[in-house]
1. Check off (1) under 22 Å from T130 (Cβ atoms); (2) not in a helix (DSSP H, G or I) for A29 and give me the number that stays unchecked.
2. If you go through the range 14-62 one residue at a time, how many are surrounded by 15 or more Cβ atoms within 10 Å (Cβ to Cβ) and acidic (D, E)?
3. Any idea which of (1) under 24 Å from L135 (Cα atoms); (2) in a strand (DSSP E or B); (3) touching a helix residue (DSSP H, G or I) at 6+ places or on another chain (Cβ under 6 Å) is the one A11 doesn't satisfy?
4. Within the range 158-169, how many residues turn out to be open to solvent by 10 Å² or more (accessible area, probe 1.4 Å) and within 14 Å of the chain's Cα centre (by Cα)?
5. Restricting to the range 85-124, give me the number of residues that are crowded, with 24+ Cβ neighbours inside 10 Å and either on the phi > 0 side of the Ramachandran plot or among the polar types (S, T, N, Q) (or both).
Amino acid sequence: MDQTLQGKRVAILVTDGFEQVELTGPREALEQAGARTDIISASPGKVTGWNHTTPADEFTVDNTFDSIRIEDYDALLLPGGVVNSDNIRSNEMAQELVRDAARANRTIAVICHGSWLLISAGVVQGKTITSWPSLTDDLKNAGANWVDQQVVVDGDLISSRKPDDIPAFSKAVIEALAA
């Protein structure tokens, strides 16, 4: 195992209905690089990933939104999935974690529909970002500069469009945390 990220911690914020591969792909890459990842959700217990529109595997929640402090983490990872993203964006505690991460200059890595949470948290204005194409208007209306690229790095914000981008997305996140 490459120990590039030894001692780094990443909070993965999700609710039920996240796009499973958008959690498992980056998580595996981060852990192989030596980082510790924690699944953080609204409630303790389990969360269910989805493969597009079909429920898939359950994952154990390590902590809840209201029980962590951003100071304990080096980065946030925000997987997409329409159901997850629509639910998490209205959770005030998840929004506050995103705002805290932005204020603390922590890496925020977001893929696909995950940027809905960034919009609701009010942290995309003036940022260049990519996402699933259907979020283009939402991001532009929130003041972001939306671009159609595999990976976009704007300061501490790293974004990607879709599951096909996961290898490049994971590489960018690891590079940011290793710097």
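1. Failing condition for A29: (2).
2. Here the count works out to 5.
3. (3)
4. Final tally of qualifying residues: 4.
5. 3
The values are calculated or read from the model by the stated rules, or taken from the named source; none is laboratory data. Because the structure is predicted, anything quoted here is derived from the model rather than measured. Because the Cβ atoms are built from the backbone with ideal geometry, glycine has one as well, and the counts that use them run over all protein chains shown. Please note that ligands, DNA and RNA were not included when accessible areas were found on the heavy atoms of the full protein model with its side chains. Shrake-Rupley method; radii C 1.70, N 1.55, O 1.52, S 1.80 Å.
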